[in-house]
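The values are calculated or read from the model by the stated rules, or taken from the named source; none is laboratory data. Keep in mind it's a predicted model, so treat the numbers as computed, not measured. Cβ sites come from the backbone with ideal geometry, for glycine too, and all protein chains shown count toward neighbours.
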Amino acid sequence: MIGDKNPRTIDATHATHGIGIEIGDGGMRMIAARADNGERTSTRWHRRLHAPPSPDEALATINDLISDMLAAKNTHQPLDALGIALWGDIDPVRGVMLSVPPAIGWDEYPLEATLTNRWEVPVHMQSAVAAAGLAETIFGAGIGHQVVLYVHSGRTIASALIARGEIVPGASGRAGKLGHWIVRPDGPRCACGQRGHLDPIASAQSIVRTTIGLASGSDESTASMLRVSGGRAEAMTVRQVVQLVNEGDPAARQVLDAAWDALALALANLVVALDPDIIVIGGPPAEAGDAFCEPLRERLSAFLASWRATPTIAPGKLDSHAALLGACRIAVP
């Protein structure tokens, strides 16, 4: 029965040897790294499942992964803690999973307690976005800043607030669902069924899909799109959409103008409410660097006008490693 065993007593703030695990893509991809004294690590272990796993299947893979890491050469230190970063809907306050689409069977699954029971160490779980925001604050673009607003744009847009090196989770740990922020009531329909949300206008996925759709109505835009994508329009990236804008493509310009306007409006309200001194952009838009961030900053500045200095907007520096590094830091502060 979960919870029958007590984890060996370790103050997480003094743990020195932990493991950070990132779980993504519906649980089909797992990456883990040693977390020693909170330092960045370059050695990583990978596991991939061929279908969205059930909780039992995922747990077996996690446990095998941890066992392999502990048995690896030169990693004989005792395990003090585990940090888990998940690309799914979780409640980190209670330590339970809420959903990991498209996998099923995860509703209210007590992952923290299950792993604690197995390994007898403290287990700390956070959303991958919060973990990535923490890593960017400590190791990346947010270094030296007191209050960091991290905004990750991929299939959806989510955010995390890191204040003085600590994640601010909200009452249930579910703060930061920025993709459902209302920015245009008459806008396109969101995947949730409502209209006006940020996701269908400004998420990385929506930017690419909308650009492909608009470009297909113009031979010139189609040719430009195929050129920058190497003939594979379905593999387009936000960085390539930004490149098309800089080359004068009207379809890409229309899409990104709408995305920048909507995202700047949401950020303006967040700046008013949260007062960050830097906004770090993560996910695919970060690959475009300042070419994505500068037009966004100009629009944000216009919304804030003269009454509030515009915070710095910077692309993330940790690429796809941010969530894993954050998981390591959660394990070993």
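Key figures for this structure:
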quantity	calculated
Whichever residue in region 115-126 is out of contact with any Pro (no Cβ under 7 Å at 6 or more places or on another chain) and crowded, with 21+ Cβ neighbours inside 10 Å and, among such residues, is farthest from Ser159 (Cα to Cα)	Trp119
Tally, over region 196-244, of residues that are among the hydroxyl-bearing types (Ser, Thr, Tyr) and not in a helix (DSSP H, G or I)	5
Residue list for region 299-333, filter: among the charged types (D, E, K, R) and in contact with a Phe, Trp or Tyr (Cβ under 9 Å, 6 or more places away or on another chain)	Arg299, Lys317, Arg329
Residues located in region 300-317, provided they are surrounded by fewer than 21 Cβ atoms within 10 Å (Cβ to Cβ) and outside any strand (DSSP E or B)	Ser301, Ala302, Phe303, Leu304, Ala305, Ser306, Trp307, Arg308, Ala309, Thr310, Lys317
Strands (runs of 3 or more DSSP E) wholly inside region 1-74 that include at least 3 residues being more than 25 Å from Gly140 (Cβ to Cβ), at pLDDT 70 or above and of a type outside the set (A, V, I, L, M, F, W, C)	none
Ala252 being closer than 15 Å to Ser203 by Cα, in a helix (DSSP H, G or I) and in contact (Cβ under 8 Å) with a residue 60 or more places away in the chain	no
Filter result for Ala131 (within 15 Å of the chain's Cα centre (by Cα), at pLDDT 95 or above and not assigned by TED's automatic domain parsing to the domain that holds Val272)	yes
Qualifying residue in region 119-128 (condition: assigned by TED's automatic domain parsing to the domain that holds Gly26, farther than 20 Å from Gly283 by Cα and under 15 Å from the mean Cα position of the chain (by Cα))	yes
Total residues in region 252-276, condition buried (at least 16 other Cβ atoms within 10 Å of the Cβ) and charged (D, E, K, R)	2
Test: residue in region 286-295 that is at negative phi, touching a Gly at 6+ places or on another chain (Cβ under 7 Å), surrounded by 23 or more Cβ atoms within 10 Å (Cβ to Cβ) and outside any loop (DSSP other than H, G, I, E, B)	yes
Long-range neighbours under 6 Å by Cβ, at least six apart or interchain, first residue at negative phi within region 303-329, second of a type in the set (Lys, Arg) and part of a helix (DSSP H, G or I)	Ile313/Arg297
Any hit, region 103-119, residues being in contact (Cβ under 8 Å) with a residue 12 or more places away in the chain and closer than 24 Å to Ile207 by Cβ	no
Only listed residue being hydrophobic (A, V, I, L, M, F, W, C) and either in a loop (DSSP other than H, G, I, E, B) or touching a His at 6+ places or on another chain (Cβ under 6 Å) (or both), chosen from Ala160, Ala131, Ala135, Ala191	Ala191
Residue match in region 216-227 (condition: touching a helix residue (DSSP H, G or I) at 6+ places or on another chain (Cβ under 6 Å) and within 26 Å of Lys177 (Cα to Cα))	no
Selection count where residues are touching a Phe, Trp or Tyr at 6+ places or on another chain (Cβ under 7 Å) and under 26 Å from Leu70 (Cβ atoms), scope region 89-107	3
Tally, over region 202-251, of residues that are over 21 Å from His152 (Cα atoms) and of a type in the set (A, V, I, L, M, F, W, C)	11
Unmet requirement for Leu98, which otherwise passes all of (1) of a type outside the set (Val, Ile, Thr); (2) assigned to a strand (DSSP E or B); (3) surrounded by 21 or more Cβ atoms within 10 Å (Cβ to Cβ)	(3)
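Residue-wise test of (1) within 20 Å of the chain's Cα centre (by Cα); (2) of a type in the set (D, E, K, R); (3) more than 19 Å from Val151 (Cβ to Cβ).
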{"residue": "Val208", "(1), (2), (3)": "yes, no, no"}
{"residue": "Asp219", "(1), (2), (3)": "no, yes, yes"}
{"residue": "Met225", "(1), (2), (3)": "no, no, yes"}
{"residue": "Val242", "(1), (2), (3)": "no, no, no"}
{"residue": "Asp261", "(1), (2), (3)": "no, yes, no"}
{"residue": "Val271", "(1), (2), (3)": "yes, no, no"}
{"residue": "Ile279", "(1), (2), (3)": "yes, no, no"}
